[in-house]
Amino acid sequence: MAQDTTERLLSVARRAFAEEGFAATSLDALAAEAGMTRGALHHHFGNKAGLFEAVLRRVDAEISALLDAEWVAEPDPWRGFRRWYDRYLDEALHPSRRRILFQDATAVLGMKAVDILLDGGIAEVIADLTRLVALGRVRPVDPEATAHLLNGAIANLAFWAAEGAPAEQRVDRAKRTLALVLDGLTADGTSHP
């Protein structure tokens with residue numbers, strides 16, 4: 001029953017945070033829509049910021065799961081790696097996630113939000129880079145340092161793209177720039193889409 005309550009609150013809160021934003025979302029309205037008391041909300045998440053953090057973690061995990069499934073389906077490990085980073089921008093900047101990840105996250109949680117977004121999946125990226133180096137697909141780089149560099153770059157590109165007007169075509173520009181950086185990692189320095 002507690003799991004159902006948590007899931008219901010997260011679902012309702014996610015929709016509200018995405019559509020209305022953190023500041024405009026009412027805890028009373030969330031509790032009523034979820035069919036529970038405000039006390040139940042506080043019991044499960046502490047406060048509004050705690051609920052927002054849970055939603056942020058859920059959204060981040062959702063993106064990773066979606067992209068990981070695509071990566072596993074790709075027979076070429078380098079193409080899967082590149083595709084993960086390219087698709088991250090599309091998925092993170094989707095209207096159902098954009099406000100949560102790039103408008104409200106740092107305002108609500110400060111640097112904790114950045115840590116959540118940067119640390120998610122870092123161990124897997126290190127393992128994948130180690131594997132790609134061993135396969136000769138990537139230059140002999142330091143997998144840990146490179147993983148942190150790439151995660152920081154993709155997060156900053158996403159924040160930058162989220163701030164731009166559609167006419168600026170920041171997502172496309174970010175993808176082109178990211179492709180150049182990734183091409184620089186290949187063993188022969190050429191594009192391998």
Worksheet item: Does V108 satisfy the condition of being closer than 25 Å to F52 by Cα and part of a helix (DSSP H, G or I)?
Response: yes
Practice prompt. Please determine, by comparing only the residues of the range 115-144 that are among the small types (G, A, S) and over 16 Å from D68 (Cβ atoms), which one is most open to solvent (accessible area, probe 1.4 Å).
Written response: A134
Worksheet item: What helices (runs of 4 or more DSSP H), lying completely within the range 1-100, carry at least 2 residues that are over 30 Å from L185 (Cα atoms) and not acidic (D, E)?
Response: 2-20, 27-34, 38-45, 48-73, 95-98
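Yes/no per residue for (1) among the aliphatic types (A, V, I, L, M); (2) under 30 Å from Q169 (Cβ atoms); (3) out of contact with any Asp or Glu (no Cβ under 8 Å at 6 or more places or on another chain):
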{"site": "M36", "(1), (2), (3)": "yes, no, yes"}
{"site": "N47", "(1), (2), (3)": "no, no, yes"}
{"site": "L51", "(1), (2), (3)": "yes, no, yes"}
{"site": "R58", "(1), (2), (3)": "no, yes, yes"}
{"site": "W71", "(1), (2), (3)": "no, yes, yes"}
{"site": "E74", "(1), (2), (3)": "no, yes, yes"}
{"site": "L101", "(1), (2), (3)": "yes, yes, no"}
Worksheet item: Is the range 69-77 home to any residue that is out of contact with any Leu (no Cβ under 9 Å at 6 or more places or on another chain), open to solvent by 60 Å² or more (accessible area, probe 1.4 Å) and within 25 Å of Q103 (Cα to Cα)?
Response: no
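The values are calculated or read from the model by the stated rules, or taken from the named source; none is laboratory data. Keep in mind that this is a model prediction, so the values were computed, not measured. Here the Cβ is made from the backbone with ideal geometry for all residues, glycine too, and neighbour counts use every protein chain on show. Note: accessible area is taken over every heavy atom of the protein model, side chains too, but ligands, DNA and RNA are not part of it. Shrake-Rupley method; radii C 1.70, N 1.55, O 1.52, S 1.80 Å.
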